[in-house]
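Trainee: Just passing along the structure, written as structure tokens.
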Amino acid sequence: MSDIKKIAILINGGDAPGLNAVIRAIVRTAEKNGIESYGFIEGFKGLLENNYVRLDKSSISSGILQKGGAIIGSSLNTNVFNLKTIENGQEVYKDFSDKCVQNLKDDGIDCLFTLGGDSTQKSARDFSLKGIKVIGVPKTIDNDVACTEATFGYNTAVSVATEALDRLHTTAETHNRIMVLEVMGRYAGWIALESAISGGADVALLPEIPYDMDKVIAKIEERKSIGKNFSVIVVSEGAYPKGGSISVKNTREGGKGVINIQLGGAGETVAKEIEKRTGITSRNTTLGYIQRGGTPTATDRVLSTKYGAKAMELALEGKFNVLTVLKNGKLDYVSLEDVVGNNKEIGAVEGGTEDSNMRVVTMDDDLIKTARNIGICLGD
């Protein structure tokens, strides 16, 4: 058993349903073992500024199981290993990680829990190399964290997308239209694929399968030939045509290790091309942030609680510098080095590069086989 007396939690990246449930589970398990719990406000930003709040023996962590968002906030695009700052009137990038390490030591934090996706866990690994005891919890609605079968927040996102498809179906059928739904996922097509299956979509376009628009049009014409004059299509925001590229809404210079590319427009591109080639009125709906906000599903509440309790259990057992994961449906853990993969350089790189170790949809996945079996066109 480890000699843990004081732990801290931070969240990095976009919000995900279930964050508060993880916090609650960590805090309650810690309380049961006489351990103090703290939360850094706004993630790595709070760690750098040493801005934190006590979570145990406090009302702040009560009544939060069903609450969306995160009671301690989250940092977005804050890479403390390469952070933009102003010196002598000039923008420069500096490594502030040693300041964060010193803050943790001064605060007497024995273990840091990092709730986040692939880039968050990369930073967690980097802190572990500086002597900090870290335990990661896989958070992202995109379901793309390496080494685990499921991330919390994903089930809620799929459920929201499925409800949207149910509603779009009625409009599509009533007006004989093509209704396109663009969903999140960045470089992984899990949300698009699973929501297409659960929502009865006719086409699902994923980042993992560059699509052939001829195949999409053929599916629409096939449906018309049997009297179905409407179709519903799901497009992942990272989907792109053969020989083409992903749809980028905006880019910025935020430095290495943060997300500098804002995806957007994939659904609109598909809708316009379909209407141009078929003459059928086609409309796109971009679901956007609705997927990641609000109350988590029961599935995500349970998964989040399991992850949080397991993470604290690992700390009590003295197992650090690991990520809590699901393997074959059971709670387990893997080394943060395994999560990082080939990205060995200190300072996180943006996901979607050859050095990142994201979990994407593979062609032998049961979801792919199921989609093909029931006639969903994947654009290939």
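Trainee: Could you please rank H175, H169, placing first whichever residue has the fewest other Cβ atoms within 10 Å of its Cβ?
Mentor: Values: H175 12, H169 16.
Least crowded to most crowded, the residues run H175, H169.
Trainee: May I pose another question? Below 10 angstrom from the Cβ of F40, what's the summed charge of the other residues (Lys, Arg +1; Asp, Glu -1)?
Mentor: Local charge sum for F40: -2.
Trainee: Roughly what % of DSSP beta bridges within the chain run antiparallel, to the nearest 5?
Mentor: If I count the DSSP bridges inside the chain, around 35 percent turn out antiparallel.
Trainee: Straight-line reach only, C-alpha to C-alpha below 29 angstrom: list the lysines that K242 could link to, leaving out same-chain residues fewer than 8 apart.
Mentor: K215, K219, K224, K228, K256, K272, K276, K369
Trainee: As a test of the formula, what do you get for the chain when each DSSP H run with n ≥ 4 contributes -39,500 (n - 2.57) and the sum is divided by the residue count, at 222 nm and rounded to the nearest 500 deg cm²/dmol?
Mentor: After summing the helix terms and dividing by the residues of the chain, the value is -11000 deg cm²/dmol.
Trainee: Please rank S225, S58, S74, fewest neighbouring Cβ atoms within 10 Å first, as an exposure proxy.
Mentor: With the fewest neighbours first, S225, S58, S74 line up as S225, S58, S74.
Trainee: Using only the alpha carbons of the chain, what is the convex hull's orientation-averaged projected area in square nanometres?
Mentor: Computing the convex hull of the Cα atoms and averaging its projections yields 19.7 nm².
Trainee: While we're here: Applying a 10 Å radius around every beta-carbon, put 60-73, 15-28, 85-98 in order of their mean neighbour count, most first.
Mentor: 15-28, 60-73, 85-98
Trainee: Ok, one more. Please list the non-local residues whose amide H lies under 5 Å from the amide H of K5, H modeled 1.01 Å from N, same-chain partners needing a gap of 5 or more.
Mentor: D110
Trainee: Next question, about the same structure. Determine ³J(HN,Hα), in whole Hz, for all residues of the stretch 245-250 in sequence, where each value follows from phi through the Karplus function 6.51 cos²θ - 1.76 cosθ + 1.60 and θ = phi - 60°; x replaces Gly and Pro.
Mentor: With the stated coefficients, the stretch 245-250 comes to 9, 5, 8, 10, 7, 7 Hz.
Trainee: How would L336, L326, L314 line up from fewest to most surrounding beta-carbon atoms within 10 angstrom?
Mentor: L326, L314, L336
Trainee: For the stretch 141-191, I need the span (max minus min coordinate) of the C-alpha atoms along each principal axis, in Å, sorted largest to smallest.
Mentor: 44, 18, 11
Trainee: Between L263 and residues 5 or more places away or on another chain, which pairs have amide H atoms under 5 Å apart, with H built 1.01 Å from N, and which residues are they?
Mentor: Under 5 Å from the amide H of L263: K249.
Trainee: I'd like the Kirkwood hydrodynamic radius of the stretch 108-173, using the inverse of the mean 1/r over distinct C-alpha pairs, in Å.
Mentor: That comes to 13.9 Å for the stretch 108-173.
Trainee: So how long is each side of the stretch 255-341 along the principal axes, counting just the alpha-carbon atoms, biggest first, in Å?
Mentor: 63, 36, 25
Trainee: If you count, for each residue, the other Cβ atoms within 10 Å and average over each peptide, how do 204-215, 367-378, 266-277 line up from highest to lowest?
Mentor: Working: 204-215: 21.2, 367-378: 16.0, 266-277: 19.4.
Per-residue mean Cβ counts within 10 Å order the peptides as 204-215, 266-277, 367-378.
Trainee: Quick one: Debye curve from the alpha-carbon atoms of the stretch 148-268 only, equal weights, vacuum; give me log10 I(q)/I(0) at q = 0.09, 0.12, 0.14, 0.15 Å⁻¹ to two decimals.
Mentor: Debye intensities relative to I(0), on a log10 scale: -0.27, -0.47, -0.63, -0.71.
Trainee: Rounded to a whole number of µm²/s, how large is the Stokes-Einstein D of the stretch 1-155 at 37 °C and 0.692 mPa s, given Rh as the Kirkwood radius over C-alpha pairs?
Mentor: The Stokes-Einstein estimate is 207 µm²/s.
Trainee: Equivalent-ellipsoid semi-axes (√(5λ), Cα gyration tensor) for the stretch 65-121, whole Å, largest first?
Mentor: Equivalent-ellipsoid dimensions as semi-axes: 25, 17, 11 Å.
Trainee: For the stretch 203-274, take every pair of Cα atoms, bin their distances at 10 Å starting from 0, and report each bin as a whole percent.
Mentor: The calculated distribution, bin by bin, is 19, 43, 25, 9, 4, 1.
Trainee: What residues qualify as long-range amide H neighbours of L205, i.e. H under 5 Å apart, gap of 5 or more or another chain, H built at 1.01 Å from N?
Mentor: Counting only residues 5 or more places away or on other chains, the set is V234, V235, S236.
Trainee: Can you list the equivalent-ellipsoid semi-axes of the stretch 19-75, largest first and in whole Å, using the square root of 5 times each Cα gyration tensor eigenvalue? Intermediate values should be presented prior to the final figure.
Mentor: Working: eigenvalues 66, 41, 14 Å².
Values for the stretch 19-75, descending: 18, 14, 8 Å.
Every number in this text was worked out from the coordinates using simple rules, so none of it is lab data. Keep in mind it's a predicted model, so treat the numbers as computed, not measured. When we count neighbours, we look across all protein chains shown, and the Cβ atoms used for this are built from the backbone with ideal geometry, even at glycine.
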